[in-house]
Structures are given as structure tokens and as C-alpha cells.
Amino acid sequence: MSRSVTILRTGPQALVQDLGRPGNAHLGVPPSGAVDPHSLTLANRLVGNAETAACLELLLGGLTLRADASCTVAVTGPSTEVRVNDRLADSHQPVHLSRGDTLAVGTPRTGLRTYVAISGGIDVPAELGSRSTDLLSGIGPDPLNADDVLPLGTPGPAAGADVVPPHHAPHTLVVPIFLGPRDDWFEDAETQLRQGTWTVSDRSNRVGTRLNGTRLSRRDGEIPSEGMVTGAVQVPPDGQPVVFLNDHPTTGGYPVIGVVDRDHLRFLGQARPGTTVRFRPLT
Amino acid sequence: MFNNPTIPRIMGHMFLRRCGPDALLVEVGSLTEVAAVRAALQDLDGIEELVPAARTVLVKGALHDVRDALKTVDLTRKPESRSREVTIPVVYDGPDLALVAETAGITEDEVVKLHAEATYEVAFCGFAPGFGYLTGLPPQLHQPRLDSPRTKVPQGSVGIAGEFTAAYPRATPGGWRLLGRTEITLFDPRAGQPALLQPGDQVRFVVA
């Protein structure tokens with residue numbers, strides 16, 4: 001009999017994500033994948049999955065699912081309440097579900113995105129080598145709804161458990177940023193970045209973290225569309241920077257003042273609206 | 001040097017612009033030079049992304065080998081085409097056919113003939129998955145975008161804008177002048193080769 005889980009409640013947004021489909025930008029296909037890959041791969045290791053297996057990425061928690069077969073689950077990301085059949089369980093630990101058990105993920109105390117790995121991984125069809133939902137271009141499964149039944153793959157042998165403290169998203173982020181490729185569009189880009197202060201806008205999403213605050217002074221005009229990397233900080237004419245996350249467009253015409261160091265990008269992806277952001281330019 | 005921007009490194013007629021720790025933006029002067037750079041880099045091992053655009057090629061990974069390869073690239077020579085040839089059947093009944101004919105000062109039949117007789121090349125993809133910007137458009141058909149873009153351009157629409165022509169892989173907003181439509185699948189994410197058009201491909205439109 002095939003293994004599956006049934007979604008009972010999604011919370012604000014529940015998506016299937018793995019490590020995405022990088023390498024397809026020349027076809028106009030965004031990389032997509034988990035905004036916080038560190039938490040996704042950890043969740044997978046906790047339940048004995050390959051790190052590349054597909055998980056659930058939840059925006060502000062709120063998901064309830066029912067196990068239609070015996071399975072092991074793990075919830076990672078920021079610290080959050082987890083319940084099995086209404087009894088408290090731990091996040092950042094493997095948790096066993098028997099057939100018919102329900103798992104409820106609460107709203108994280110800090111941060112934005114929690115990850116739920118299920119032994120065997122979510123086995124929806126892959127598109128361009130990935131099961132990730134790309135909200136910009138509509139590739140991959142649709143955002144999840146209540147009553148969706150998600151097939152699971154065959155579980156592997158349990159691996160050794162990681163011991164991990166949950167991530168706490170801070171109120172202030174200091175983000176290392178490499179200058180370029182278009183820092184020459186800005187008068188003294190390095191000083192402008194170092195001295196500015198921004199807050200995360202509530203218009204942020206998987207395409208990008210939008211920042212409000214110090215207006216970055218730049219030349220007028222646009223650049224003929226050019227390739228964009230994840231982490232690129234685009235500056236539109238209003239001077240308010242946008243940091244591209246996983247579902248970013250593959251090309252764009254606003255100058256990129258700098259690129260956020262990859263290891264710090266997930267902290268921006270976990271930053272709630274209102275979080276203070278400063279940059280630390282690397283030259 | 002403390003307050004200076006990162007001066008792009010000049011190599012021949014190229015600007016090499018740093019794009020984070022593991023990517024470079026190679027800036028050149030024309031679409032032909034973009035094609036030459038892309039061709040010079042496409043077979044290097046270890047490249048994670050190679051994204052041609054209008055005046056740039058973004059390359060991620062293998063930066064040491066990339067710099068070496070760029071030292072010897074001849075920008076003046078169009079790379080030898082070893083690409084696929086793709087034929088796209090078009091029904092030329094687009095809503096902007098009359099506007100395009102009027103702008104060019106020719107008849108609608110002549111517009112169709114011009115568009116269907118040219119040979120195109122995929123310069124780059126972008127905007128949406130599988131959306132290829134094709135060069136080779138006859139100069140009479142180099143026309144501006146619509147003053148007011150459509151909120152929904154139907155899937156398969158074939159249009160022109162500036163020096164480019166393209167077919168819309170799916171319904172999106174768009175401001176290109178529409179000449180017709182094709183039934184062919186331009187993008188299927190579950191196919192082994194999802195995009196019908198890839199940079200470097202030679203393309204012809206035929207009257208369906």
C-alpha cells in the first residue's frame with residue numbers, strides 16, 4: 001500500500017520544497033528551492049532522508065497533517081510548538097507518527113519559515129529535476145490546500161540524529177554583502193550600504209526580501225536586462241533595495257549594488273517584517 | 001581605494017564584473033559578442049549557470065577556468081553554429097497585424113512574408129520559462145512595444161518588440177505587438193527537454 005500524509009490545515013502558506021532546480025537560468029527558470037536550505041537538510045537528516053528529499057516549507061506555521069501510514073517526522077527552522085494528537089512534542093527531533101496520528105505545527109516564536117520532513121520524502125512528480133514550488137513562474141506543485149494527499153517515497157534506514165539548537169531569528173540582522181556587479185551606478189556604494197538602515201517590508205516573499213529605509217542614491221536609467229543571482233540586491237529608481245531570494249526572476253534591468261553572502265541569505269529569508277537590516281560591505 | 005567602487009576588470013573589450021563570491025558578469029558590446037562569450041564558455045566543466053542576456057553573460061562557478069577561457073575568446077567572430085534548428089508553425093491572425101503593417105508602411109501579407117522568411121537565432125531566454133528572445137528580425141519589423149501592455153497575452157502568441165521576436169510559452173501580461181499564434185508546446189516542465197528554445201538555436205516560423 002502506498003504511504004501518504006493528508007493535509008488537514010495549511011496555515012498561511014504551505015509549499016513543497018527541496019533544494020530547487022539551479023542550472024536552468026538560461027531557460028528563464030528560477031532556482032526555487034528552500035529559502036532556508038540549512039533547516040531543510042537538517043530536517044531530512046533527522047528522519048533518515050537524503051538531504052535532497054522534498055519537505056514542507058511553512059510560512060508562519062499553522063499546519064496540521066494526518067499520517068496515513070507509520071512515518072517519522074521532524075520540524076526544523078525557528079523554535080516552534082509541535083503537537084502529536086494534541087500532546088506536546090519536540091521540534092528539532094525525530095518524532096514517530098503511527099497511522100492516523102495528527103501532527104500540528106504551531107506559529108514559530110521568531111522567524112518566518114519552518115520545515116517538516118517526513119520519512120521517505122514527499123514524492124510528487126519532479127519538474128526539471130526538482131519538486132519545489134516556484135511561486136514566480138508556476139513550476140512544480142501548487143501551494144498546498146486542506147485535503148491534499150501527499151504521496152511519500154520509500155523510507156531509508158534511520159541515520160544518526162543531529163543534536164541541534166533551534167534557530168532564533170534576531171530583531172536586527174547585519175548582513176555581509178559583496179559589492180558589485182553594478183556598484184559603479186552608485187556614488188560611494190560602500191559607504192551608502194555601510195551607513196544605511198532598513199526594515200524588512202511586509203511585501204516580502206519568496207521572490208525577494210524588500211527593504212524600506214535609507215534611500216540608496218543611484219544614477220537614473222535602466223540596464224539592458226542581465227542575469228541575476230540569488231542574493232543580488234537590486235535597486236529600483238525609488239532607492240529601496242530588494243534582496244532576491246529563491247524564486248527570483250532570472251534576468252532584470254535594475255542595477256545590482258551588491259550580492260549577499262550565500263551563507264547569510266537564509267537569515268534574510270527568515271526575517272519577519274519589521275526586522276532591522278544593516279549591511280556590512282565586503283570589498 | 002577604500003571608498004572606490006569595485007572597478008570592473010577590463011579584459012580586451014570585455015568588462016568583468018564581480019557578482020558575489022562565485023559568479024562573474026561578463027559585459028560586452030553587442031548580441032554577437034554575447035554569443036561569442038557564451039560559446040567560449042559553454043563546454044567548461046564545473047559551470048553551474050551560464051546566462052546570456054542582451055549585453056552580458058552571467059557565469060557561475062569554475063571562475064578560474066572562465067577567466068582563462070575569456071583570454072582567448074575572439075569577440076569579432078560569430079561562433080560556429082552547431083545548434084538545433086527549430087521550426088514553429090504560426091497562424092498569422094494576430095490582433096496587431098494591421099498596426100504592424102501600418103507602422104512599416106506595407107501590407108499585412110508583406111508583414112507575414114517578412115516574418116516567415118527570415119531565419120532567427122535564440123539570443124537569450126528570460127521573462128518567463130522558455131521565453132526566447134529571437135534575433136534576425138527584418139528591420140522593417142523593428143517596432144516599439146504597445147503604448148499600453150495587455151494584462152493577458154494568450155499562450156502561444158507570436159509577437160515582435162524592438163529588434164526581437166518571440167512566442168509566449170504561457171499566458172502572461174505583455175506589451176509585444178502580436179502577429180499570430182502557434183499551437184506548438186514551448187515549455188513543458190515535465191519533459192526531458194523542457195524548453196523548445198535554448199540560446200543558440202536557429203529558428204524559422206512557417207505559415208501554418
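Summary table below
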quantity: Where labels lie 7 Å past Cα in the beta-carbon direction, separation of A:HIS168 and A:ARG194 in nm; calculated: 3.0
quantity: Extended-chain gain in nm, criterion 0.36 nm per residue less alpha-carbon gap, A:ASN145 and A:THR52; calculated: 31.1 nm
quantity: Positive-end residue of A:THR133, B:GLN202, A:GLN270, charge dipole of the protein assembly as shown with Cβ unit charges; calculated: A:GLN270
quantity: Taking chain A and dividing mean pair separation by its residue count, relative contact order in percent (alpha carbons under 8 Å, at least six apart); calculated: 22
quantity: Cα→Cβ-extended label distance, 7 Å offset, between A:GLN240 and B:ALA208, nm; calculated: 4.3
quantity: Relative packing of peptides A:60-72, A:24-36, A:41-53, A:79-91 - highest average C-beta neighbours within 10 Å first; calculated: A:24-36, A:41-53, A:60-72, A:79-91
quantity: Gyration tensor (alpha-carbon) shape descriptor, segment B:83-125, a/c threshold 1.5; calculated: prolate
quantity: Furthest towards positive pole of dipole, A:SER2, B:VAL122, A:GLY252, structure part the protein assembly as shown, Cβ charges; calculated: A:SER2
quantity: Theoretical FRET efficiency, 1/(1+(r/R0)^6), r = Cβ-Cβ of B:ASP65 and A:THR154, R0 35 Å, to 0.05; calculated: 0.35
quantity: Shape category assigned to segment A:207-268 from the gyration tensor of Cα positions, a/c cut at 1.5; calculated: oblate
quantity: Packing-based order for B:86-98, A:198-210, using average beta carbon neighbours within 10 Å, highest first; calculated: A:198-210, B:86-98
quantity: Two-site FRET efficiency, A:ASP202 against A:SER2, from Cβ-Cβ distance with R₀ of 60 Å, rounded to 0.05; calculated: 0.90
quantity: Relative contact order of chain B, defined on C-alpha pairs under 8 angstrom at six or more residues apart (%); calculated: 20
quantity: Total charge dipole magnitude, the protein assembly as shown, about the Cα centre, Cβ charges on Lys, Arg, Asp, Glu only, Debye to nearest 20; calculated: 1020
quantity: Convex hull volume of chain B per residue (C-alpha atoms, cubic angstrom); calculated: 155
quantity: Whole-angstrom gap from segment B:47-87 to segment A:63-94, using each part's C-alpha centre; calculated: 47
quantity: Ellipticity estimate at 222 nm from DSSP helix runs (n ≥ 4, -39,500 (n - 2.57)) divided over chain A, nearest 500; calculated: -2500 deg cm²/dmol
quantity: Shape box of chain A [Cα atoms, principal axes, largest first, Å]; calculated: 62, 38, 32
quantity: Per-pair calculated FRET efficiency, R0 = 45 Å: B:LYS78 and B:GLU102 via Cβ, rounded to 0.05; calculated: 0.85
quantity: Cα centroid of segment A:220-256 to Cα centroid of segment A:117-136, whole Å; calculated: 27
quantity: Spin-label proximity, B:HIS142 to segment B:42-77 - amide N less than 15 Å from point 7 Å beyond Cα toward beta carbon; calculated: none
quantity: 10 Å Cβ shell holding at most 15 others, DSSP loop, trypsin sites (Lys or Arg not before Pro): longest site-free stretch of chain B; calculated: B:1-76
quantity: Cα-based radius of gyration of segment A:172-282 once divided by 2.2 N^0.38 Å, which approximates compact folds; calculated: 0.94
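Computed from the coordinates by the stated procedures, all read-outs in this text should not be read as laboratory data. Note that the structure is predicted; figures quoted are calculated from it, not measured. Don't worry about glycine lacking a Cβ; one is built from the backbone with ideal geometry, like all the others, and counts go over all protein chains shown.
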